[in-house]
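First the structure, in the form of structure tokens, and then the observations on it.
Readers should treat all values here as calculations from the given coordinates under stated rules, not as data from a laboratory. Values in this document were obtained by computation on a predicted structure and should not be read as measured data. Glycine also receives a Cβ, built like all others from the backbone with ideal geometry; neighbour counts cover every protein chain displayed.
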Amino acid sequence: MTEWLFDGVLGVLLLGLAFGALHGRNLYASVLLFIAFGLALALIWARLGAADLALAEAAIGAGLTGVLLFTALARQPAADMPEVTGTRLRLGAAAVVLPLLFLMVQGLAPLSEGEPRLPALIAQNLGETGVEHPVTAVLLNYRAWDTLLELAVLLLAVLGARQLGPRPLDLAEPWPLLRAWARVLAPLLVLAAGYVLWRGASAPGGAFQAGALLTSGVVLLRLSGLLPRLRWSSMPLRLLVLGGLLVFLGVAMLTAWLGQGWLTYPAGAAKPIILLIETVATLSIAASLSLLVVGEGEGSAREQ
């Protein structure tokens, strides 16, 4: 009964935070509610046993996305934008969304009636994937193309953000306490990222979670003034951004040429290949997210 009550409170809290983030009249409060929404969602994923999704949501959904929203908010005029959502617009949105939700529930309902076969199939063939964790096996063996396309989408996001023009990042003089903590926390974040990456083969973790932790360290060092500006013109940074996708495509072509098909790993070589992809993808994700959050810009007066 206590668990049901706790889960019910979490569900109501999530809906309340989502409503407040969408309909708040103050942008600052809406961003705070969005971050709180991400943390509550991470807790819900943890309650459902999906630790991978909980880590990703806490690091990316609440952490890095919150930083991006606060950065965008800092560039807005002092006064909030005028309220443009009227009653008719809300009713129209409800008239569109509610039927879609009804159709979606109708379409998903039959899925709960049958016995799921995929978990049993994955467990039966897990030894052939080169890893010990079913989520990693799905992401980098059975459905490796999905992960490859996710890296491509992240690269397109970086290129699209660059097309928007320069994004000035005026950094105030950091607090001495922030600099002191950054020197301590940044190495710990690197160690945590390495641990999460390595444990991804047999436990929740992987490239995206490790990349998000590395990005947190980069953002912390940049905001504390201990790291110079990240410039797209830097060749090493470009190689890091492109590296994950290029290595993944290289593995795909080699397996198609020498093996049994695209991204069909040879027997006995799956684990080192997956580890190589995960390692390079971690660095690529970290470089891409860092460019999106604190990349380019004009810098502060002390950097001129």
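Data overview
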quantity	calculated
Segment Arg25-Glu3, length gained on full extension (0.36 nm per residue, minus Cα span)	4.5 nm
Rg(Cα)/(2.2 N^0.38 Å) for the stretch 1-76, N = residue count	1.18
Taking Met253, Met235 and counting other C-beta atoms within 10 Å, the order from fewest to most	Met235, Met253
Taking Ser30, Ser233 and counting other C-beta atoms within 10 Å, the order from fewest to most	Ser233, Ser30
Under Karplus coefficients 6.51, -1.76 and 1.60, residue-wise ³J(HN,Hα) of the stretch 134-142 in Hz, glycine/proline x	x, 5, 5, 4, 5, 6, 10, 10, 5
Per-residue Cβ neighbour rank within 10 angstrom, fewest leading, Thr2, Thr129, Thr71	Thr2, Thr71, Thr129
Descending semi-axes in whole angstrom, ellipsoid equivalent of the stretch 130-304, from the Cα gyration tensor	34, 19, 11
Protection-proxy order for peptides 209-222, 255-268, each taking the mean of Cβ atoms within 10 Å per residue, highest first	209-222, 255-268
